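Here the structure comes first, spelled out in structure tokens, and everything after it is commentary.
The values are calculated or read from the model by the stated rules, or taken from the named source; none is laboratory data. This is a predicted model, so every value here is computed, not measured. All Cβ positions, glycine included, derive from the backbone under ideal geometry; neighbour counts span all protein chains shown.
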Amino acid sequence: MEIYYLQGWALFAEKILQVGMLLFIIWNVKLLILEKNTSTKGEGVNGNE
Amino acid sequence: MTSKYVDRGNIIKVRSSRKPKVFTPIFIISASITAFFSIFSLVNPVALAKVMTFIQTIFATQYGWMAMLIPILCMGFLVAIGVSKYGKIVIGGQDAKPDYNIFSWLAMLFTSSIGIGIIYFGVNEPLYAYYLSPSSTEAPNQMVAAREAMGTALYHWGISVWAIFSVAGLIMAYFVSKHKIRYLPGDVIEKSFGNRKWVPLTKNIMNVLAVVCSAMTIAATIGLGSVQISTGINQVGNLNASLTGILPYIVLFILLSVCIFAATTKKAGKGMQVLGDWNVYLAIAILIFGMLFGPTRYIINQAVQLTGTYIAQLIPRNFDMFLFSNDLTYSTTWDVANNMWWISWTPFMGVFIASISKGRTVRQFAFATMTIPVLFMLLWHSTFGGIALLDAVLGTGDIAKNAMESPEVTFFAILATMPWSKLTFIATIILLIMFISTTVTSAALSLARMTDYEGKEASRVRSSVWVILMGIIALTGIFATTLGGNDALNAVKSLATTLSYPYIFFFIIMMTGFIKQLMKDKPQV
């Protein structure tokens, strides 16, 4: 039971790590779906360069 | 010396110096980090193992769920892209012809990656699963325990592994052939996400980490292989104690010399193809020998049953975290660690697969890699793993004892129960030497290519330096192993696995970048 109910700094670190990973996944979804491809700067070459 | 020219709006830097630069910044940085770990592991392997195990435990405990999801994510991704219209995309352009036939292509994929492990872990895995996995230890009876053990062993070496490799290879191959990027995983990010603020730093860290991670992974493999070859030679020759002690070093020295020679010859690609083909022929010959001279009817029964077990577990096993079992750490110490070990192979495998896959379609990537090598593994596990498990469950337990005490002996112990064992020992030693040579040579070539200024050329000097650096780390492992136990080699392995945890983030973002790039390119197929 205690391995899932951490105390002190271990609890704090766990929350940071778990929330961090979830945010990372959300950020990936945002990059994939919510950002338009044309907004990418520095490119302009599609196909066989 | 560099100059610039403008091509369709893009400013491209071109190196104009006559001689290609050998000591590039990425080579110096990544080689220095690898050398630091080499020296650290030589001076104080115990401290290194402690630090790495601590970091690994934190990551495995916290991000185990993500490591479990990666293979299923890759499998779903490959199936989706394989059946879609993008499945028809040909790497290198629609008219590109393959450099290697399908057998050689798959043979090179197999021998440069998991090949070496089939002799060491291929026989021990069912035993480890039988004695340690909650699905076996907490099974209601012996029949279920044994069935689950075989299923677990194939899960660790089956479709999930190949799905990870295949995705890494496909992404690199697509970007290298279509967008002419360098053979560097970080460049995929740069191409997909352009000039966003976070891209340059992410790209550079990713490239250095990819190189260091690959070097460590291969070093651990060389170490394990050298010890096993020595064990084989010892079994054949009954050597005296003084010679037994130095044998692993002699084996390592000869292996490294062969690899340096192979990596620096001009016909490396052709040589790798021939070696890869013969490697697989020999492995198939040993497999057929084992099936014929082992308990044939049991092996065929085992293959049939394992097929059913594997199909039933193919999806659910990837989600099994063993919550509420008696061993709550099993998932992190075995399933998660296994997935992370294979993810640590992806930077090198991605580059290597990309370099040999011209003319292959995305559909072949998706389906050939996830089926043909897995069928071979199913038969291999049913034969050699199956015999070991049979001995553990219904036999004397003599073979099974090796798995816990000296796992490098298990395969030879099985061959000893069959006729002409001296001959098959020698064949196994040759197989091991060929497996290690192909793995190390392809790794050295990939690393030299990854650390090239333009990410294309595998310079001889860089290839040799990488072989030597990987050799030093392997040497440390062997040195400590001969003093006692497999802990030191496991420390090198744990170092590679630990370094692959940050790589998990890069792997995910690489997949995101690939999907984004496909949507942007809308390739005509």
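The table below gives the values:
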read-out	value
Hits in the range B:38-61 - residues which are under 16 Å from residue B:212 (Cβ atoms) and modelled with pLDDT of 80 or more	B:51, B:52, B:55, B:56
Any hit, the range B:493-502, residues being at pLDDT 75 or above, part of a helix (DSSP H, G or I) and either within 14 Å of chain A (Cβ to nearest Cβ) or within 16 Å of residue B:193 (Cα to Cα) (or both)	yes
All positions within the range B:60-82 that are closer than 18 Å to residue B:174 by Cβ and touching a residue at least 12 places away in the same chain (Cβ under 8 Å)	B:73, B:74, B:77, B:78, B:79, B:81, B:82
Residue check, residue B:77 at pLDDT 90 or above, buried (at least 24 other Cβ atoms within 10 Å of the Cβ) and within 14 Å of chain A (Cβ to nearest Cβ)	no
Restricting the range B:174-188 to residues that are assigned to a helix (DSSP H, G or I) and surrounded by fewer than 24 Cβ atoms within 10 Å (Cβ to Cβ), the residue that is farthest from the other protein chains (Cβ to nearest Cβ)	B:187
Any hit, the range B:77-85, residues being in a helix (DSSP H, G or I) and of a type in the set (Lys, Arg)	yes
Close pairs from the range B:310-330: first surrounded by 14 or more Cβ atoms within 10 Å (Cβ to Cβ), partner among the acidic types (Asp, Glu), Cβ under 7 Å, at least 6 apart	B:325/B:138
Given (1) surrounded by fewer than 12 Cβ atoms within 10 Å (Cβ to Cβ); (2) more than 16 Å from the chain's Cα centre (by Cα); (3) modelled with pLDDT of 85 or more; (4) part of a helix (DSSP H, G or I), number of the condition residue A:5 does not satisfy	(4)
Flag for residue B:478 being part of a helix (DSSP H, G or I) and modelled with pLDDT of 75 or more	no
Residue B:220 crowded, with 17+ Cβ neighbours inside 10 Å, in contact with a Lys or Arg (Cβ under 6 Å, 6 or more places away or on another chain) and either of a type in the set (Lys, Arg) or modelled with pLDDT of 75 or more (or both)	yes
Test: residue in the range B:87-107 that is farther than 27 Å from residue B:515 by Cα, touching a residue at least 12 places away in the same chain (Cβ under 8 Å) and crowded, with 24+ Cβ neighbours inside 10 Å	yes
First in the range A:11-33 and at the interface with another protein chain (Cβ under 10 Å from one of its Cβ atoms), second anywhere and hydroxyl-bearing (Ser, Thr, Tyr), Cβ under 8 Å, 6 or more apart	A:17/B:63; A:21/B:63; A:28/B:512; A:31/B:512; A:32/B:512
